[in-house]
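Following: one structure in structure tokens, then a few remarks.
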Amino acid sequence: NRKNSTAAPIDASTISDYRRQALKYYLYAYNQTPEKQLKIKTSLLDILINRYKGRKEFDKVVYFYQEAIKRTKNGKRKSELSLQLALVHLNNLNKKSEAHNWLVKLHGKANYKSNYNASYLLAELYIDQEKYKAAIEVLTELAAQPIQKTDWFFDTHFRLGELYQAQEKWRQAMMHYTYVADHKGSNKHKKEARQRLFNIKKYLSQSGGDKE
């Protein structure tokens, strides 16, 4: 009875063969597509990047990201691809130096979310390396960008508050915590910023400490 028939399951090795054949096809199509057919070529690059990510072949992911960046004319898209490339270096290949180089290229170069993200990641990279002065410089430059209506405003000023507080530079810490506490909109950092302001003021009143 055809109604009761079921298709035989496809085993994992067959699926793997299909995927290998598909990858070969996309590689062949990419190499054969002329540069003047840029839209097709960039679409194939997106497919290849995702395929190699799935295979965890991140050196090839890096190569095809670089190819995509070279061919992308749109500034926003180029920034997004560059950030993704930096993240592959940072999270998958543990190549912090390469990640740093790509993040520096994005920092302060345009007012896209990917640029703000890159700036914040760059500061975190410096913090991880205990380069606190460099981190403060990057975050201060990020704070000067038009981020007032984004969560980057809260994240950036809260992080600056933390860095200055760790250095016992109370006046600067209070300034940035106040930016977070008083800014319009809701954010996860607001409650903690108010608490830290309270604690710093209490500490200074009790100790007679300098509000540097």
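Note the listed values (1) 42; (2) 30; (3) 12, then indicate which one is percent of Cα pairs over 31 Å apart calculated from this particular structure. Matching the structure shown: (1). From the Cα gyration tensor of region 27-150, with a ≥ b ≥ c the square roots of its eigenvalues, which class applies: rounded if a/c is under 1.5, or else prolate if a/b is larger than b/c, or else oblate? Oblate shape, in that a/c is at least 1.5 and b/c is the bigger or equal ratio.
Residue by residue, region 170-186 carries 3J(HN,Hα) couplings of 5, 4, 5, 4, 5, 4, 6, 5, 5, 3, 5, 5, 9, 5, 5, x, 9 Hz when phi is fed to the Karplus relation 6.51 cos²θ - 1.76 cosθ + 1.60 (θ = phi - 60°); x denotes Gly or Pro.
Taken about its Cα centre, the chain carries a charge dipole of roughly 900 debye when the Cβ of each Lys and Arg holds +1 and the Cβ of each Asp and Glu holds -1. Average accessible surface for region 114-182: 47 Å² per residue, computed with a 1.4 Å probe over protein heavy atoms with every protein chain in place.
Seen from Lys76, the other residues with C-beta closer than 14 Å to its C-beta sum to a net charge of +4, counting Lys and Arg as +1 and Asp and Glu as -1. Rounded to the nearest Hz, the phi-derived 3J(HN,Hα) couplings of region 117-126 under the Karplus curve 6.51 cos²θ - 1.76 cosθ + 1.60 (θ = phi - 60°) are 4, 4, 4, 5, 5, 4, 4, 5, 5, 5, where x marks glycine and proline.
Modelled label positions at Asn111 and Glu192, each set 7 Å beyond Cα in the direction of Cβ, lie 2.9 nm from each other. Quick one: with all protein chains in place, what share of the accessible area of region 64-212 is carbon or sulfur, to the nearest percent (1.4 Å probe)? The value for region 64-212 is 48 percent carbon and sulfur by accessible area. Counting only lysines at least 8 places from Lys96 when in the same chain, those with an alpha carbon closer than 26 Å to its own are Lys53, Lys56, Lys60, Lys70, Lys76, Lys78, Lys105, Lys109, Lys113, Lys131, Lys133. Sorted largest first by accessible area at a 1.4 angstrom probe radius, with every protein chain in place, the residues Asp151, Asp17 fall in the order Asp151, Asp17.
Over region 28-111, accessible surface divided per residue gives 58 Å², non-protein components excluded, 1.4 Å probe.
The values are calculated or read from the model by the stated rules, or taken from the named source; none is laboratory data. None of the values given here were measured: they were computed from a predicted structure. Heads up, the Cβs are rebuilt from the backbone with ideal geometry, glycines too, and the neighbour counts pull from every protein chain shown. Just the protein is used for accessible areas: all its heavy atoms, side chains included, with ligands, DNA and RNA removed. Shrake-Rupley method; radii C 1.70, N 1.55, O 1.52, S 1.80 Å.
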